[in-house]
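Okay, so here's the structure we're looking at.
The values are calculated or read from the model by the stated rules, or taken from the named source; none is laboratory data. As the structure is a prediction and not an experimental result, all values here were calculated from the model. With ideal geometry, Cβ positions are generated from the backbone for all residues, glycine too; neighbour counts draw on all protein chains shown. Ligands, DNA and RNA are stripped out before the accessible areas are found, and what is left, the full protein with its side chains, is counted by its heavy atoms. Shrake-Rupley method; radii C 1.70, N 1.55, O 1.52, S 1.80 Å.
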Amino acid sequence: MKYAILGTGMVGRAHAARLTELGHAVTMGTQDVAKTMASTRPDGMGNPPFSQWHQANPAVKLAAFADATDQGEVIINALAGHVAVEVLKKIGEGIGRKVLIDISNPLDFSKGLPPTLSVCNTSSLGEQIQQALPQAKVVKAFNTTTAAVQVNPQLLSNGEHDIFVSGNDAGAKATVVALQKSYGWQNPFDLGDITSARGAEMFLPLWLRIFAALDNPLFNIKLIAPAKT
Ligand SMILES: NC(=O)c1ccc[n+]([C@@H]2O[C@H](COP(=O)([O-])OP(=O)(O)OC[C@H]3O[C@@H](n4cnc5c(N)ncnc54)[C@H](OP(=O)(O)O)[C@@H]3O)[C@@H](O)[C@H]2O)c1
């Protein structure tokens, strides 16, 4: 499968490396290819510059957002939440009816830490993206755990913990569940239509507090419930 990953941060990199390892072709999207390749400084999270990561992952291509999107059969949104709708809207037709896996979270850092949610309760970033791109098959997924765990659930508890999908299109959700299973997720949990992305995104304030208390991002949700009859 050909994947386009919009975003060169730790989420984009984690999925690009894992997808390549699984034999997929990956093109990552960035604002300015030359600038991203020329950067020699770690990002705000202390991740090494992209060029350094790319040396270890030479099979991954890098292109401008719209060009990367054209290369992908499935698109992954790993953009900063505050720019996601605007960037995806600009690409617009390039996304068309493709499956768009939305990993972004609507985190607003403008008033300091911890960040607040720029949208919640009555809508979500996943819904805003679906509204901006009505033809795209948006599936909210992976946003409830840290990047390294998203692509390798075996990092925790033998992989016996949970990941979700939310979206309006059953076929698109099946595509994303198949991807999650290929990463090692055992039973991806279908939360429902795209409005259920509200719940997945509103987990973030709790995620951030657990992260701060543990001082470690390597944790996740495990559902304990009676089997459905
Ligand atoms: N970090 C995690 O473990 C984690 C876990 C779950 C969900 N998430 C969510 O996943 C998304 C990606 O997170 P991340 O930590 O990998 O990266 P990030 O730092 O949140 O975002 C990086 C990407 O956003 C792009 N970007 C930033 N400002 C922009 C602007 N003004 N215009 C256009 N593009 C812009 C950057 O473009 P350039 O390539 O040009 O620099 C880069 O590709 C976020 O929404 C985050 O909340 C993160």
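With the convex hull built on the Cα atoms of the range 74-229, state its orientation-averaged projected area in nm².
9.7 nm²
Need the full-extension length gain, A174 to L208, defined as separation in residues times 0.36 nm minus the C-alpha distance. One decimal, nm. Walk me through the intermediate numbers first.
On the way: separation 34, 0.36 × 34 = 12.24 nm, distance 2.91 nm.
So the chain would gain 9.3 nm between A174 and L208.
Among the lysines, which fall within straight-line cross-link reach of K140, defined as a Cα-Cα distance under 22 Å, with same-chain neighbours fewer than 8 residues apart omitted?
Counting by Cα, and skipping residues close in sequence, K140 has these lysines nearby: K2, K89, K90, K98, K173, K181, K222.
How far is it, in nm, from the label point at N158 to the one at L218 when both lie 7 Å from their Cα along the line to the Cβ?
For the pair N158/L218, the computed spacing is 1.8 nm.
Roughly speaking, to the nearest percent, how much of the range 1-158's 1.4 Å accessible area is carbon and sulfur?
52 percent
Among rounded, prolate and oblate, which fits the range 1-141 when a ≥ b ≥ c are the square roots of the eigenvalues of its C-alpha gyration tensor, a/c under 1.5 means rounded, and a/b larger than b/c means prolate?
It is oblate, given that a/c is not under 1.5 and a/b is not larger than b/c.
For a label point 7 angstrom out from the Cα of S118 toward its Cβ, which stretches of the range 1-26 have the backbone nitrogen within less than 19 Å?
Label zone hits: 6-12.
Tally Lys/Arg at +1 and Asp/Glu at -1 over every other residue whose Cβ is under 12 Å from the Cβ of Q180; what's the total? The partial results should precede the final answer.
Details: positive: R18, K173, K181; negative: D162, D190.
Neighbour charge sum, excluding Q180 itself: +1.
Stretch E86-F189 to full length: gain in nm at 0.36 nm per residue minus the Cα-Cα span?
Additional length available on full extension: 34.2 nm.
Between D43 and E21, what is the label-to-label distance in nm when each label sits 7 Å out along the Cα-to-Cβ direction?
Taking the simple label geometry, D43 and E21 are separated by 1.9 nm.
Could you do me a favour and compute the accessible area per residue for the chain, 1.4 Å probe, result in Å²?
For the chain, the solvent-accessible area averages 50 Å² per residue.
Testing the spin-label approximation: label points 7 Å from Cα along Cα→Cβ at S110 and Q135. State their distance in nm.
Label-label distance for S110 and Q135, simple model: 3.2 nm.
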